[in-house]
Amino acid sequence: MNDRPVRPQRLLILGGTGFVGSHLVPRLAADDHAITLLSRNRERHRDLAVLPRVRILNADPYDRATLTAHLRDADAAINLVGILNETGGARFRRAHVDLTATLVAACREAGVGRLHQMSSLRAGEGRSQYLITRGEAEAVVRASGLAWTIHRPSVIFGPGDGLVSRFAALLRIAPVLPLARPQARLAPVAVADVSEAIARAVADRATTGRAFELYGPETLTLIEIVRAVRDAMGLHRLILPLPDALGRVQARLGEFLPGKPISRDNFLSLLLDSVGREDGLAALGIRARPFLPALPALLHDHGRQARYDAARARAGR
């Protein structure tokens with residue numbers, strides 16, 4: 001949005017060791033920002049700590065006093081925390097709404113006036129608790145009195161994602177893959193583009209008070225995406241589209257399967273098309289990368305990562 005040199009800032013990031021964070025942090029480090037990541041297990045993410053001016057601290061991000069203490073020297077906070085399913089102790093309201101409210105309060109107490117918030121396309125719409133709580137978190141941010149920017153991506157693809165990797169794993173083992181909500185429409189966005197969008201917003205105060213819809217140039221149905229993954233893998237698999245009645249049953253059963261390949265809340269999210277109306281990437285001067293041409297390289301990366309993870313497991317790491 002502007003071509004002025006980037007002013008290095010001191011950034012505190014929550015959720016910075018997750019999927020988007022693992023791509024965003026190197027991008028922000030390239031702009032010479034001083035970055036602090038709060039993590040519950042810093043030893044699992046030492047690869048990020050080797051980046052210049054990046055440090056990872058063990059901390060409980062849900063503790064207001066802890067957040068306030070670490071925010072004292074920060075210029076801005078970035079909240080990337082989000083969950084797609086409720087598992088174990090992870091709950092949508094706690095991860096999205098309660099944590100955001102705690103972060104806002106800590107920012108005020110520490111005197112940090114700038115906040116970048118990760119959200120989702122269609123946040124606050126429909127019956128999915130994921131989308132409902134994303135919308136409630138946005139409301140907290142908008143009412144915070146802080147200088148905020150909200151990022152609302154569609155489904156994100158890239159190395160280490162939960163889109164291509166999930167369907168690739170299912171297709172490897174299932175001769176027939178039943179698919180709920182096959183005609184749901186999605187506009188997959190590259191994680192590199194999402195990272196670039198956040199980095200540009202960090203650098204440009206003109207993005208304050210704006211919400212950017214981040215989506216790719218292709219609008220695809222879910223079954224088109226799964227078929228494309230199958231074909232790029234060179235597999236012969238039947239993708240069986242399910243009517244909603246059977247899709248709901250699949251979603252209920254999926255909650256009891258390893259890895260929870262689909263849940264009832266995922267099904268409810270898919271009742272709404274994840275496509276945007278205002279091109280936030282274009283507004284930030286970013287040309288969106290298409291999904292389909294990226295598939296061969298993505299599948300290669302996922303296969304290599306799977307072999308690496310298996311080797312680590314055998315070594316007991």
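Bear in mind that the values in this text are calculations on the coordinates, not laboratory data. Nothing here was measured: the structure is a model prediction, and the numbers come from that model. Cβ placement follows ideal geometry from the backbone for every residue including glycine, while neighbour counts extend to all protein chains displayed.
Values for this structure:
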| read-out | value |
| --- | --- |
| Cα-based helix-to-principal-axis angle, 244-254 vs the chain, degrees rounded to 10 | 70 |
| Derived scalar couplings ³J(HN,Hα) [segment 105-116; Karplus, 6.51 cos²θ - 1.76 cosθ + 1.60; whole Hz; x for Gly, Pro] | 4, 5, 4, 4, 5, 8, x, 8, x, 10, 9, 10 |
| Per-residue ³J(HN,Hα) for segment 120-134, Karplus 6.51 cos²θ - 1.76 cosθ + 1.60, θ = phi - 60°, Hz, x for Gly and Pro | 7, 4, 6, 4, x, 10, x, 10, 6, 5, 4, 6, 4, 6, 4 |
| FRET efficiency for residue 176 and residue 264, using Cβ-Cβ distance with R0 set to 22 Å, rounded to 0.05 | 0.50 |
| Most mobile listed residue (82, 276, 209) in the chain, GNM with C-alpha springs under 10 Å | 209 |
| Mean separation of Cα contacts under 8 Å, 6 or more apart, over the residue count of segment 1-130: relative contact order % | 25 |
| Theoretical gain in end-to-end length, residue 249 to residue 221 [0.36 nm per residue, Cα-Cα removed] | 8.0 nm |
| For segment 1-155: rounded, prolate or oblate by the Cα gyration tensor [a/c cutoff 1.5] | rounded |
| Estimated [θ] at 222 nm from DSSP helical runs (n ≥ 4, -39500 (n - 2.57)) normalised by residues in the chain, nearest 500 | -12000 deg cm²/dmol |
| Three-way shape call for segment 89-187 based on the alpha-carbon gyration tensor, with the a/c threshold at 1.5 | prolate |
| Cβ-derived FRET efficiency at R0 25 Å, residue 49 paired with residue 72, nearest 0.05 | 0.75 |
| Length added when fully stretched, residue 93-residue 282, from 0.36 nm per residue minus Cα-Cα | 64.9 nm |
| Potential lengthening between residue 242 and residue 142 on full extension [0.36 nm per residue; Cα-Cα distance subtracted] | 32.1 nm |
| Contact order relative to length of the chain, as percent, for alpha carbon pairs under 8 angstrom and 6 or more apart | 17 |
| Rounded if a/c under 1.5, otherwise prolate or oblate - segment 164-283, Cα gyration tensor axes | prolate |
| Residue 257 paired with residue 205, simple spin-label distance in nm, labels 7 Å along Cα-to-beta-carbon | 5.1 |
| Cα-based equivalent ellipsoid of segment 148-196: semi-axis lengths in Å, sorted from largest, via gyration tensor | 26, 14, 7 |
| Convex hull volume per residue for the chain, taking Cα atoms only, in Å³ | 131 |
| Relative contact order (%) - criterion: Cα under 8 Å, at least six apart; region: segment 92-177 | 30 |
| Dipole of segment 203-260 [Lys/Arg +1, Asp/Glu -1 at C-beta], most positive-end residue of 242, 220, 253 | 253 |
| FRET efficiency for residue 7 and residue 84, using Cβ-Cβ distance with R0 set to 35 Å, rounded to 0.05 | 0.55 |
| Pair-distance profile P(r), taking every C-alpha pair of segment 1-83, with 10 angstrom steps and integer % | 18, 54, 24, 4 |
| Segment 48-82-segment 102-175 distance, computed between alpha-carbon centres (Å) | 17 |
| Order by protection proxy (mean Cβ within 10 Å, highest first), peptides 26-34, 254-262 | 26-34, 254-262 |
